[in-house]
Amino acid sequence: MSFRIVVLAKQVPDTRNVGKDAMKADGTVNRGALPAIYNPEDLHALEFALRVKDRIDDAEIIILTMGPPRAAEIIRESMFRGADRGYLITDRRFAGSDTLATSYAISMAVKYLGDVDLVVAGRQAIDGDTAQVGPQVAEKLNFPQITYAEEMEAVDANSITVKRRLERGIEIVKSSFPCVVTVHASAPPCRFRDAKRLMKYKKARTITELQEESNEYSDVYEKRPYLRIEELSVDDIQADTQYLGLSGSPTKVKKIENVVFKAKESLRMEAKDQDINDLMKGLIDTHIIG
Amino acid sequence: MNNVFVYCEITEEKNIADVSLELCSKGRKLANDLNVKLEAVVIGDVGPEIAKEVSPFGVDVLHLANDSRLFPYRTLPHAAIVSHIFKNAEPEIALFGASSVGRDLAPRIASELKCGLTADCTSLEIGDHVENKTQTEYKNLLYQIRPAFGGNIIATIINPDTRPQMATVREGVMKKEEISSSYQTEVKHIDVAAILTDELFAVEIINRHIEAKKVNITASGIIVAGGYGVGSKDNFKLLYELAGALGGEVGASRAAVDAGYVEHERQVGQTGVTVRPKLYIACGISGAVQHRAGMQESATIISINTDPDAPINNIADYVINGEVQDVIPKMIKYYRLNSK
Ligand SMILES: Cc1cc2nc3c(=O)[nH]c(=O)nc-3n(C[C@H](O)[C@H](O)[C@H](O)COP(=O)(O)OP(=O)(O)OC[C@H]3O[C@@H](n4cnc5c(N)ncnc54)[C@H](O)[C@@H]3O)c2cc1C
Ligand SMILES: Nc1ncnc2c1ncn2[C@@H]1O[C@H](COP(=O)(O)O)[C@@H](O)[C@H]1O
């Protein structure tokens, strides 16, 4: 393949449905206790990559996901929607990584892949809302970055033109390759699963998954190599463990508090004229209004 | 100990952005706590007269990189200059706005300097820390306090071993407070030509449309905020009317913004602005944690809601059980009658 696109996609706990036992004592997230979903903006990133692929001959899309074994689901989901293959960066030694350590690991995995033209990430992941990994991967690869992409205006094998969504407007910028693009939620949503691809890839597995399922199709990779989801360990990507995990993460969680809003003693009233008259009068008398 | 630094953004109108001035105010307090100086970095096509804008907030030193190629903001040249300054000065703390610029720039710098960065802090304090395992004591760390997990928890983050301790903060979270109109700021000019190379301009800006900031609800002492329960863009006119009568601004929940009732600039909450007016009137807002995170510090809260059990009612001083369409006209009427 001549044009290589890497999409960074993360499996995240669904923070819209957080229960009580979501946090561990050490302040890290107990991912097991929450439903895991495809980070929403990473789906926009996948669509962005698919649109680039649609316009460039001979382009391929590789998904990179760093996480526990079950994050392989993200890679399968991506394959159903049009990605060519994927790698799961997984190793206990990655556990507890903050954005700096994560971006170091991801950048080493991109280097392991060899020549890459375009890296596409979501703007931010909903578990931390940090929006740091994209720019940090760009810095570690020494690639320029285009953040908050809303639309791809033009692309060819040499350069890409992107509309960025900023706080108070838009900006259209152009970069040559290689570069990193992070994609904003206002970009087009991801296309649906393709029925044929679903059939083709539904048995795609990592080695770990195959071993766990321990069923008889262990020769599956030989017959159908496209079903192989590669796993990458610390050693595979030749990462230096001092930059990984808790020890490689400069940020430490000192304390976690659940949000408890103390209920106030509130004055309750109906929408009757008298009540509202009294309220407005009271607010004026106490100089809150007027 | 080394100094506190604030990266100051330049607006389209060639002023220092509000969020940066707010951070200078916060930076001044942190510098006082640590007994160090406050330094600011300004990168753009502005001359030394810009120092006048930051001086009143207590900035001791302003690092100025003035070059026509440095406006509008682009990641690589700005990152190169900031890294250059930080490598020389080795700041103790470095603050950036959690704006489209700050959130693009700060992670790039943190990666280069291999230091920690905490996004979207809602509070910054100085405090000590003892590392449990080794019993190592750390004095005067920056506590970076932020909501996480969709607003369900509040985390205190520290960077014990790396410097600078970097954080981004959204507009409206810190208070802008001038300390002296005659504060003296020393301007240090950066030798831009020695830092910038052609490769840093690899990303070309082809076009841009940036609108001037139209509304700034954070500055308003009275906010009439509408939620999905307001029901329509048309009904929102009632809120503008009430806000107009009281001399306030209109705010909104994300559901109201998503429904197209009102523009995003008015959104209050975790992914909007943080406000702390003396009066917040929540109209048809249920009070999700993400919304409360942006308004819970309002001095007085009134909730108008048809649901007596709406979570917002728990933090309201006055709860009016009723329809927005019915209650607001009455509020306007009785305000006018009583204020005469
Ligand atoms: C990561 C993340 C970030 C978020 N950030 C924000 C943020 O910054 N700001 C924010 O606001 N939200 C944010 N949200 C969304 C938030 O979770 C809620 O969905 C949102 O605040 C709900 O808005 P609402 O109260 O207007 O709507 P609803 O929850 O639908 O509530 C409508 C209310 O109106 C009442 N009502 C209905 N009809 C009437 C009537 N005629 N008169 C009076 N009352 C009536 C109902 O009883 C109800 O209480 C975020 C969510 C996530 C996951
Ligand atoms: N563990 C991960 N695996 C793959 N991609 C990631 C991972 N963490 C972050 N990313 C990418 O970086 C983006 C920003 O993440 P964050 O900085 O955590 O908000 C995400 O939208 C993903 O595209």
Within segment B:277-288, can one find any residue that is farther than 25 Å from A:E270 by Cβ and more than 11 Å from chain A (Cβ to nearest Cβ)? no
Residues that are polar (S, T, N, Q), touching a Gly at 6+ places or on another chain (Cβ under 9 Å) and away from ligand 2 (no atom under 16 Å from the Cβ), drawn from segment B:258-303: B:Q267, B:T274, B:S286, B:Q290, B:S303
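Evaluate the following for B:A106: is it at pLDDT 95 or above and surrounded by 24 or more Cβ atoms within 10 Å (Cβ to Cβ)? I'd like the intermediate steps shown before the answer.
Numbers: at pLDDT 95 or above: yes; surrounded by 24 or more Cβ atoms within 10 Å (Cβ to Cβ): yes.
Criteria met by B:A106.
Considering only segment B:124-141, I want to know if a residue exists there that is away from ligand 1 (no atom under 16 Å from the Cβ) and among the small types (G, A, S).
Filtering segment B:124-141 down to residues away from ligand 1 (no atom under 16 Å from the Cβ) leaves B:124-141.
Narrowing further to those that are among the small types (G, A, S): B:127.
Yes, segment B:124-141 has at least one match.
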Residue by residue through segment B:206-252, note down the ones that are assigned to a strand (DSSP E or B) and not assigned by TED's automatic domain parsing to the domain that holds B:T300. B:I206, B:N207, B:R208, B:H209, B:I210
List the strands (runs of 3 or more DSSP E) that sit entirely inside segment A:52-135 and contain at least 1 residues that are among the small types (G, A, S), in contact with a strand residue (DSSP E or B) (Cβ under 7 Å, 6 or more places away or on another chain) and crowded, with 24+ Cβ neighbours inside 10 Å. A:85-89, A:118-122
Taking segment A:77-96 on its own, how many of its residues are over 14 Å from A:E231 (Cβ atoms), of a type outside the set (A, V, I, L, M) and at pLDDT 95 or above? 6
State whether one or more residues within segment A:185-204 are touching a His at 6+ places or on another chain (Cβ under 8 Å), within 16 Å of ligand 1 (Cβ to nearest atom) and farther than 23 Å from A:F3 by Cα. yes
Return yes or no: is B:T134 assigned by TED's automatic domain parsing to the domain that holds B:M174 and in contact (Cβ under 8 Å) with a residue 12 or more places away in the chain? no
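Take the residues of segment A:120-138 that are among the β-branched types (V, I, T) and under 21 Å from A:G248 (Cβ atoms): which is farthest from the chain's Cα centre (by Cα)? Walk me through it before giving the result.
Initially, segment A:120-138 is screened for residues among the β-branched types (V, I, T), giving A:120, A:126, A:130, A:133, A:137.
Still in the list and also under 21 Å from A:G248 (Cβ atoms): A:130, A:133, A:137.
On the way: A:T130: 11, A:V133: 9, A:V137: 13 Å.
Only one residue tops the list, namely A:V137.
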Filter segment B:289-307 for residues that are facing another protein chain (nearest Cβ under 8 Å), modelled with pLDDT under 95 and more than 9 Å from ligand 1 (Cβ to nearest atom) and give the result. B:Q296, B:A299
List pairs: first residue in segment B:65-81 and more than 12 Å from every other protein chain (Cβ to nearest Cβ), second residue of a type in the set (F, W, Y) and not in a helix (DSSP H, G or I) anywhere in the structure, Cβ distance under 7 angstrom, at least six positions apart or on different chains. none
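Out of B:G27, B:G102, B:G58, report the one residue that is in contact (Cβ under 8 Å) with a residue 12 or more places away in the chain and on the phi > 0 side of the Ramachandran plot. Working first, answer last.
Values: B:G27 fails: on the phi > 0 side of the Ramachandran plot; B:G102 fails: on the phi > 0 side of the Ramachandran plot.
Only one candidate passes the filter, namely B:G58.
Quick check: anything in segment B:233-247 farther than 30 Å from B:A299 by Cβ, in contact with a Lys or Arg (Cβ under 9 Å, 6 or more places away or on another chain), of a type in the set (A, V, I, L, M, F, W, C) and facing chain A (nearest Cβ under 10 Å)?
The first filter runs over segment B:233-247 and keeps only residues farther than 30 Å from B:A299 by Cβ, leaving B:234.
Imposing the further condition that a residue be in contact with a Lys or Arg (Cβ under 9 Å, 6 or more places away or on another chain) reduces the set to none.
No: segment B:233-247 contains no residue that is farther than 30 Å from B:A299 by Cβ, in contact with a Lys or Arg (Cβ under 9 Å, 6 or more places away or on another chain), of a type in the set (A, V, I, L, M, F, W, C) and facing chain A (nearest Cβ under 10 Å).
The values are calculated or read from the model by the stated rules, or taken from the named source; none is laboratory data. It should be emphasised that the depicted structure is a prediction, and the values quoted were computed from it without experimental measurement. Cβ atoms come from the backbone with ideal geometry, glycine included; neighbour counts cover every protein chain shown.
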